[in-house]
1. Of the residues that make up the range B:61-84, is at least one more than 10 Å from chain A (Cβ to nearest Cβ), surrounded by 13 or more Cβ atoms within 10 Å (Cβ to Cβ) and hydroxyl-bearing (Ser, Thr, Tyr)?
2. It is to be established whether one or more residues within the range A:509-520 are at pLDDT 90 or above, crowded, with 16+ Cβ neighbours inside 10 Å and of a type in the set (Lys, Arg).
3. With the requirement that a residue be within 7 Å of chain B (Cβ to nearest Cβ), touching a residue at least 24 places away in the same chain (Cβ under 8 Å) and either surrounded by fewer than 23 Cβ atoms within 10 Å (Cβ to Cβ) or on the phi > 0 side of the Ramachandran plot (or both), what does the range A:294-323 give you?
4. Only one residue in A:LEU497, A:LEU454 is within 23 Å of A:ASN385 (Cβ to Cβ) and of a type outside the set (Lys, Arg). Which one?
5. Could you please give the count of residues in the range B:55-97 that are assigned to a helix (DSSP H, G or I) and either closer than 30 Å to B:HIS181 by Cα or within 16 Å of ligand 2 (Cβ to nearest atom) (or both)?
6. Of all residues in the range A:391-406, count the ones that are buried (at least 22 other Cβ atoms within 10 Å of the Cβ) and either within 16 Å of ligand 2 (Cβ to nearest atom) or of a type outside the set (A, V, I, L, M, F, W, C) (or both).
7. Looking only at the range A:129-159, which residues are within 14 Å of another protein chain (Cβ to nearest Cβ) and aromatic (Phe, Trp, Tyr)?
8. Within the range A:373-425, can you find the residues that are of a type in the set (D, E, K, R) and either more than 11 Å from every other protein chain (Cβ to nearest Cβ) or over 23 Å from B:ASP150 (Cβ atoms) (or both)?
Amino acid sequence: MTDTTAATDPIRLHKQLHRIWRTPPGFGRLSAVNHTIVGRRFIITAFVFFGIGGILAMLIRAQLATPRSAFLGPEIYNQVFTMHGTVMMFLFAIPLFEGLAMYLLPKMLGARDMAFPRLSAYGYWCYLFGGSILIIGLVLGLAPDGGWFMYTPLSSRTYTPGINADIWLIGITFVEISALAAAIEIIATIFKTRAPGMSLDKMPLFAWYMLVTAFMMLFGFPPLIVGSILLEIERAFDLPFFDPARGGDPLLWQHLFWLFGHPEVYIIFLPAAGVMSTLLPVFARREIIGYIWIVVSIVAMAFLSFGLWVHHMFTVGIPHLALAFFSAASTAVAFPTAVQFFAWIGTLATGRPQLKLPMLFLLGFFFVFAMGGLTGVMLAIVPFNWQVHDTHFVVAHLHYVLVGGFIFPMLAAAYYWLPHFTGRAPRLSLGITAFWLIFIGFNLTFLIMHLTGLLGMPRRIYTYDDAAGWEWLNLVSSIGSFVMAIGFALFTVDIVLQVTMGKRARRNPWGAKTLEWATAMPPPAYNFASLPSVTSRTPLTDARGIAVDLARGQGYLGFVREGRLETLGVEITSGRLEQVIRLPNSTHIPLYTALVTAVFFVGVLLKFYLVAVIGFVATIAMLLMWTRGWGDRADRGLMPVGQGEEAPPHTEVTGAPSNWAMTLALFANGTAYASLAFGMLFLWVVAPNWPPPVLLDPGLLASALAVAGLAAAAFAAMRSVAPAVLAKAPQRELWLAVAAAGNGAALAGFIMLMMAVPDPTRHAYLAATFVLLAYVALHAALGVVFAGYGIVRSRAGYVSAMRSLDLRIGAQWHRYTAGIGLIALLLIHGLPRVMGS
Amino acid sequence: MSTLDTAGPAAASIATLWWVMLIGATLIFLFVMALLALVFIRPGIGRGTPASWWLVGGGLAFPAVVLTPLLIYALWAGERLFPTGDPAVAQVDVVARQWEWNFTYRNAAGAPVQSSNTLHIQAGQPVQLNITSADVIHSFWVPRLAGKIDAIPGHVTVLQLKADAPGLYRGICAEFCGTAHLEMQFALQAHAAEDFNAVLGGLPPAAAPDVNAPRGRP
Ligand code: HEM
Ligand SMILES: [Cu+2]
Ligand SMILES: [Cu+2]
């Protein structure tokens, strides 16, 4: 029964909502998809990995405390520092802020969940399983040992024959799935699932930071994933992408890695800066100054950060002019950083600052990060970089940036939002002591390392002799690190105490003005019993009783419609009400999908390729299962949403979140493809031993078949969503069949071309050509599946002239495949011609 | 081993750069921290300053004033550190491999001679090193004389350095290159002009160039 009038009884409304939104207890928890639970899981798991990374750090410092220490030999030490860096960057920092974003964003934006709850859950399992592969490797003594940036040829099979490097490549790629999933989901959530009235310029700054971060992840991770796949292919099948003797180039790996690796640093910093911009105004007791300035500088930072990767490669013999350019671009990042820094200080200066515990950690940020930023400018100065590159000066700099720019804000965030997570306030706080131990310990450890580096101590050495003059510095550094470790232990104890024994917290204890504080504490699964409408950047000040009004069901959607989980979707810029988004309930399917994905990755890792293929096919099949029974079999048209307003369901509008998901996924996919094409051209221009001994002679028949197939598929897909065709089931299914056949023909063409490539192990040119063709072939094969699936959906009654979402998403795929296919054909026909002449 | 205890012009100019930057950075750091302290000691002190003062002044003008001269100075200083390409400068071919350094020179008679793990140069004279690797990436670094440069298989990188006075200078491999990365050290021996030819004369002739070594592209 539908009750679309506002329920006046809050308890009854709560019970109704709770029944459909809740996650079942016991083993049923494995089926959780709710953002509050999944976000919490991300955060807790990330802290566990922080503990592991921290223990590894302590091992490093114990080993370096005294000269000629016999504690760890080089074999173990190399694994330890590699895993320390890898765990901290990939398994701690990124998942931690992903979890925080997942937990907070829907609440801050006035929504009931993320746009794709099952995707969050799937991402979480991928993260957990991928991370476990690395940790199991560590426990078995098989951990990667080539440094966290895994430079080739050291990480190639010749010089690292064991499984260690494969564990890194496979484990990290597995984890990156969760990063890409989070990126897509965060963007779609921020774009679409906001409270009506929250136009972009009324969004909380935290959402802006996360939006930009997510875009950076979307474009930053694909180059790393491509690099990892190429390296794994080289290691497993001997295709020589990085082997200079056969036309490959170790520098290609460095470019792909840092194309990811530099933005990565900002990807870690920006969410923490988002925390700064959220907490600081609360403790300054005024609105932040320069909202627009901050937004512009975040965007500027994102763009700049993609132009800076070469500053990690100043010692590889880069041409003059390029050095000057990248040096200048690197220093230019100081501008957007300074804008934010002074916006924060200005906010404090013009407000009435309060020195509460989270603020103390924010001050720690100012101190530590300012120093890291200043040494960063120094490192951007090329001649100086030549001296201190790869020394402990760089180790000091990177920890000042990462610990200052990430850990301190995150500790502040922990204390700030903990009452929200748990509903509890601390009885006694060890936080101040913990702060001082961490702060003093940190500076003791790392300030000194600047000097050790200048005195010539390189990074990644497992010991040193007493003639070097570094003994005292290293000893003090190690002592400092143990002080810091005690501080972190105390922090952990404090948090555990507050979670288990804290007293009942009052609502909105800090007097914040963002919407997440309008939920109950701890929040119910659905966040808000009814959704607010937003008229300013500080929704909590506008309507004093807003929390109570919402709980009474006096906002939007203050009712349950047919047992469906609903939240609202808005037009991106204006925040105008646009659609009712239906969300899925708890389900085990993300877990099962992640398990078969794990079968794929473990199959590749152990070189059971048949198992891997089965895992891959099963993953695709599982992903298609996500939509089974999901959708509407009849047109709904406008539905009441309360407050006298109406909106259509998301399946009947053009700007549905899943449309965006496909668009964004294709952006990421396109970036991966561009990285591959860039790699091919890079090798041609820069690598030794070119031109190749043989050139590909692409068959005309195969090429023609490929072109015809791609064109037919793209055209048919376009026709299938034309209004006149959509309306008639036989017609649209016919066009879908044409699209499937077109993709099938293209697949055949590309396979023929692949078979025409002479032995791809002979030269990087042949290897790159082969992989480029395989990339398109895979997309065409998936195109057959998707077109076929469109037919299945249509026959099952989920498609109509109004409900065309499934087909429109398919059409995006077919168009994209045609695009990359044509580019591949141009490249493989064009390149031999240019080289041959 | 210290980069601040310099013995050659390249390292010396970088050390000067460091001291300049250190002083600048310290002043900036103290200024920002003082500002922050003031905000808490005297709350509301900035109440009168308009927001744009912070954003334009602190965010744009301040970094512009600091960075522009720094960049110009650094570019100018860096320009003088690049190899001159002067044919009169003595050349040494350096090949790094796990885990040793090989140096090939021409002696007074023009015949190729070589040494391992000890590089002989003439004090007071610049020398150009053409560096490559036979296996993984290494990095050539003599901290007291000059910055480092990577030895990359398939590429030749060039470093020019000069030792002001005769002496023994320690060199290391600065890029992580496997289990014996730490042991991959070498000595740079700078000889007085009158001894230098005799030293080169005493070196064994270089083996024929390694045919398996990848052809380099600069
Ligand atoms: C909590 C205290 C920490 C201590 C005492 C510590 C200590 C160290 C030390 C001594 C090294 C240098 C190892 C070597 O070159 O031989 C190192 C490397 C590194 N650390 Fe940390 N670290 C800490 C936290 C972190 C955090 C929070 C992050 C990142 C978010 C991080 C990221 C890294 C990275 C990326 C490397 C480079 C690893 C490599 O060379 O492959 N560390 N750490
Ligand atoms: Cu080496
Ligand atoms: Cu080395």
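1. No, because not a single residue in the range B:61-84 is more than 10 Å from chain A (Cβ to nearest Cβ), surrounded by 13 or more Cβ atoms within 10 Å (Cβ to Cβ) and hydroxyl-bearing (Ser, Thr, Tyr).
2. Scanning the range A:509-520 turns up at least one residue that is at pLDDT 90 or above, crowded, with 16+ Cβ neighbours inside 10 Å and of a type in the set (Lys, Arg).
3. A:VAL316
4. Result of the check over A:LEU497, A:LEU454: A:LEU454.
5. Our first condition is that a residue be assigned to a helix (DSSP H, G or I); within the range B:55-97, this holds for B:55-79.
Retained after the next criterion (residues that are either closer than 30 Å to B:HIS181 by Cα or within 16 Å of ligand 2 (Cβ to nearest atom) (or both)): B:78.
Residues meeting the conditions: 1.
6. Residues meeting the conditions: 6.
7. A:TRP148, A:PHE149, A:TYR151, A:TYR159
8. A:ARG424
The values are calculated or read from the model by the stated rules, or taken from the named source; none is laboratory data. Just so we're clear, the structure is a prediction, and the values are computed from it rather than from any experiment. Reconstructed Cβ throughout: ideal geometry from the backbone, glycine too, with neighbour counts over all protein chains shown.
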